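**Q** Below you will find the structure I want to go over with you.
Please treat every number below as a calculation from the coordinates, not as lab data. As the structure is a computational prediction, the values presented were derived from the model and not from experiment. Here Cβ is always computed from backbone atoms with ideal geometry, including for glycine, and neighbour counts include all displayed protein chains.
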Amino acid sequence: MLFRARAGAFSTFALGGLLCGVWVSRMPALTGKFGIGPGAAGTVLLVWGVAALVAMQGLRGVITRAGSRAVLRVAAPLSAATAALVALAPDYRLLLAAVAAFGMAFGVMDVAMNAQASVVERAYRRPLMSGMHAGWCVGAMSGGLFGALTAYAGLSFTQTVLGAALVAGPAALVLGRTYLDDDARPAARRTGGRVRLPVAVYVIGALAFMAFMTEGAVADWSGLLLHEELHTAEWVAALGYPLFEAAMLAGRLVGDRVRTLLGTRRLLVAASLATAAGAGVVLGAPVVPAALAGFVLTGLAVCTIVPTLISLAGTAAPGRSDASVAQVSAMGYGGLLVGPVLIGWLAEATSLRAGLGLMVLFALLVAAGSAVLPIGTTTDLAGAYTAAEAHDATDEERALAA
């Protein structure tokens, strides 16, 4: 039962990554279909991101009342259905409407699958979240490879995304049978009023914003950079994102061990500098193989930054770890949303290489911020998890007593 639930949650993350990986890897085909430039493509990404963020924030109460299992059983198939609408949109105006619907459905799916992963984690009584997020890398990498293969085969944007949606829909329905009941109790999950958090939490959030921006920039603009700046074929251009995700996956599998060896501060500074170096290789690459190597280096480096920052957020405000992690996550996703759009607008005014230069700048800022960030010496994640679990249990008991 537990293994099936764990596999189901992992596969749901992979499904989400697949849906995103397919359509972002075919961005060159999307711009060609509608005859739009980087600025208009950035607007498409902005609409998707804003819709997802609005849904994430606005429907958290629904998930609390209904439970992640019930919501995920609706949101995951709906994400596949709205992805099909994106594929079938006949003009740019209807494309924006379809992308907004897809973003909202996916935003709810994202929150619900993280909540379901937390249910599975508590059932196992040991940390599993990092492994769940590795599922996202697997799915995104697979989606990117699927995009590359369909581009090589000469399939259009519509055919590619529609095909992925038709596979994802039935898969989502099957996965719905694997989820655990989280026995949602609204009273036990009420947090009360606003919580004042330490300044360090917002500093960590700002660093997460910049790290997420780099991840989003590669995901959304790698294909266009390879296709338009280095003039490679669409199927080759589509390889940049899956290679980046493969490097992210490999790095996350060993990230905790590296953190133990180097220490938190050294890891953050080294990873940020390596991210800047990798992005620099991409931007200065005269040929496609060099750019692809740069994407791999960037993925290996940046993959450890966000998980480490979120881990730090959990210790930055003792007794308020949930609020701290939520704040840092929200600021981080803001970078995922705003960063690629800023790059698109800057690319429209100058060039795509110049726009992507923000990756180097932000990586260097993360390195500088990490060098002065107050970081404790304790890195016992198992102990922290047990303490957080005990604190959550105490909160539930108080709420139920009330």
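**Q** Determine, for each peptide in 17-26, 332-341, the mean count of other beta carbons within 10 angstrom over its residues, then list the peptides with the highest first.
**A** The most tightly packed comes first, giving 17-26, 332-341.
**Q** Assuming R0 = 30 Å, can you tell me the calculated FRET efficiency for the pair Met1 and Thr260, based on Cβ-Cβ distance, to the nearest 0.05?
**A** 0.40
**Q** Treating the beta-carbon of each Lys and Arg as +1 and of each Asp and Glu as -1, no other charges, what is the dipole magnitude of segment 1-153 about its Cα centre, to the nearest 20 debye? Write down the numbers at each step before the final one.
**A** Numbers: 12 positive and 3 negative charges, 110 e Å.
Rounded to the nearest 20 debye, it is 520 debye.
**Q** Can I ask one more? Using a cut-off of under 18 Å, list every residue of segment 66-83 whose amide N is near the label point 7 Å from the Cα of Val54 along the Cα-to-beta-carbon line.
**A** Flagged as within label range: 79, 82-83.
**Q** Let me ask something else about it. State, to one decimal in nm, how far the label point of Leu273 lies from the label point of Trp345, with both points 7 Å from Cα in the Cβ direction.
**A** My value for the distance between the label points is 3.3 nm.
**Q** Go through 298-307, 227-236, 280-289, 46-55 and give me the packing order, highest mean Cβ count within 10 Å leading.
**A** 298-307, 46-55, 227-236, 280-289
**Q** So what J values fall out for segment 36-42 if you push phi through Karplus, 6.51 cos²θ - 1.76 cosθ + 1.60 with θ = phi - 60°, rounded to Hz, Gly and Pro as x?
**A** 10, x, x, x, 5, 5, x
**Q** Size of the dipole of segment 91-180 about the Cα centre, Lys and Arg at +1 and Asp and Glu at -1 on the beta carbon, nothing else charged, in debye to 20?
**A** In debye, rounded to 20, segment 91-180 gives about 320.
**Q** Now, a different point. Just order 87-93, 248-254, 144-150, 172-178 by mean Cβ neighbour count inside 10 Å, highest at the front, would you?
**A** Put in order of decreasing packing, that is 144-150, 248-254, 172-178, 87-93.
**Q** Under 17 Å from the 7 Å Cα→Cβ point of Ala153, by amide nitrogen: which residues of segment 217-247?
**A** 234-236, 238-239
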